[in-house]
Amino acid sequence: MDLRLLEYFVAVAEERSIGRAADRLAMTQPPLSRAVQRLERELGVRLLERTNAGVTVTPAGEVLLREAIAVLDRVDLLRRRVAHDDPRRIAVGTLADAADLVGARLVAAYREQRPDVTVEVHEADLSDPTAGLRSGLVDAAITRTPFDDDGLQLRELARQEVGLVVRAEDPLAREEVVRVADLVDRRWVRLPEGTDQRWLDYWTGPGGAPPDVPPVRTISECVQGVLWNQMTALAPLDQVLPPGLVTVPVTDREPNLIVLAWRADDPHPLVRALVETADRVLGRPGRTG
């Protein structure tokens, strides 16, 4: 698939207008319209509905929009890394809020130690718990466990208990604790296809999600799925939730670890410096997992 077609589609879908998208892309409208039509023919689905007021994105288009943005973000990061192969540059992947919870002290200490270093940050979605590390897009990652860590080194930075996220009126909301293994009849959120199996087993429940449930890629999408569609999800106990949702502690999940991860065979001196800084500042030396 031509990446340009994805770029054109994303622009139209985000602008909700062929004209505004053409201006954004610095091109005329006719070739842009033809490009989107070509993409629709290749995929065999209608992605946009054209109206006098502009365009609306179809359900199939919404799926493609999420996926295309993720693909283009990764391509952009890869291009930047290749173009800026610099011994004073390091790429760090982050997953959801993992970096927010531990990053302030780590970043401050690392910047003090290596003020000459440029740090590129890549934020991954829930489909990749290694936050770009496994695919080689980043040099290190601040993320959550568990996932397949073969060939990786991990440092524990923090740990959190996990709970079940449900609507406040859900009967389970009145329980003091629950066991995930008992919740075989619940409608669970769906993580994207191809997600790491250990990650999938930890963060979802028995039976999985119904086949008609679209996958969620962010914590926000996960939480909103519970709020709007009465789905069931797992999250850290101290996860900030919108009104109408509560978290119930679960008894059959080990605490979730926030870790710094890197490739075991990576000799990158800036990665070693980051690990040493984490050990010194956060005080949790040693490998986990």
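The values are calculated or read from the model by the stated rules, or taken from the named source; none is laboratory data. Since the structure is predicted, the reported quantities are computational estimates derived from the model, not experimental observations. All Cβ positions, even for glycine, are placed from backbone atoms using ideal geometry, and neighbour counts span all protein chains on display.
The residues in the range 195-215 that are modelled with pLDDT of 90 or more and not hydroxyl-bearing (Ser, Thr, Tyr) can be counted, and the count is 9. Tell me, which residue of the range 24-45 that is charged (D, E, K, R) and surrounded by 13 or more Cβ atoms within 10 Å (Cβ to Cβ) is modelled with the lowest pLDDT? Applying the filter and picking the extreme gives Arg24. Determine if the range 177-191 includes at least one residue that is closer than 25 Å to Val92 by Cα and under 19 Å from the mean Cα position of the chain (by Cα). Within the range 177-191, one or more residues are closer than 25 Å to Val92 by Cα and under 19 Å from the mean Cα position of the chain (by Cα). Could you please let me know if Ala99 is of a type in the set (Gly, Ala, Ser), at pLDDT 80 or above and outside any loop (DSSP other than H, G, I, E, B)? Criteria not met by Ala99. Could we say that Arg144 is basic (Lys, Arg) and either assigned by TED's automatic domain parsing to the domain that holds Arg134 or closer than 30 Å to Leu274 by Cα (or both) here? Criteria met by Arg144. Restricting attention to the range 17-66, the residues that are over 21 Å from Met1 (Cα atoms) and part of a loop (DSSP other than H, G, I, E, B) total 5. Restricting the search to strands (runs of 3 or more DSSP E) fully inside the range 189-289 and requiring at least 2 residues that are over 25 Å from Ala68 (Cα atoms) and touching a Phe, Trp or Tyr at 6+ places or on another chain (Cβ under 9 Å) gives 233-236, 256-263. For Leu257, the requirement of being farther than 24 Å from Arg179 by Cβ and buried (at least 16 other Cβ atoms within 10 Å of the Cβ) is not met.
In the range 145-174, the residues that are closer than 29 Å to Val271 by Cβ reach residues that are among the acidic types (Asp, Glu) and crowded, with 18+ Cβ neighbours inside 10 Å with C-beta atoms within less than 8 angstrom, at least six apart or across chains, in these pairs: Phe147/Asp196; Asp148/Asp196.
A single member of Gln197, Gln239 is in contact (Cβ under 8 Å) with a residue 24 or more places away in the chain, farther than 30 Å from Arg111 by Cα and not charged (D, E, K, R), and it is Gln197.
For the range 10-31, a tally of residues being farther than 14 Å from Gly54 by Cα and touching a residue at least 24 places away in the same chain (Cβ under 8 Å) returns 1. For the range 124-158, give me each residue that is in a loop (DSSP other than H, G, I, E, B) and β-branched (Val, Ile, Thr). Those that are in a loop (DSSP other than H, G, I, E, B) and β-branched (Val, Ile, Thr): Thr130, Val138, Thr145. Being under 21 Å from Thr94 (Cα atoms), touching a helix residue (DSSP H, G or I) at 6+ places or on another chain (Cβ under 9 Å) and assigned by TED's automatic domain parsing to the domain that holds Asp149 is a property that Arg263 has.
So which residues in the range 217-246 are small (Gly, Ala, Ser) and surrounded by 21 or more Cβ atoms within 10 Å (Cβ to Cβ), if there are any at all? Gly225, Ala233, Ala235, listed by residue number.
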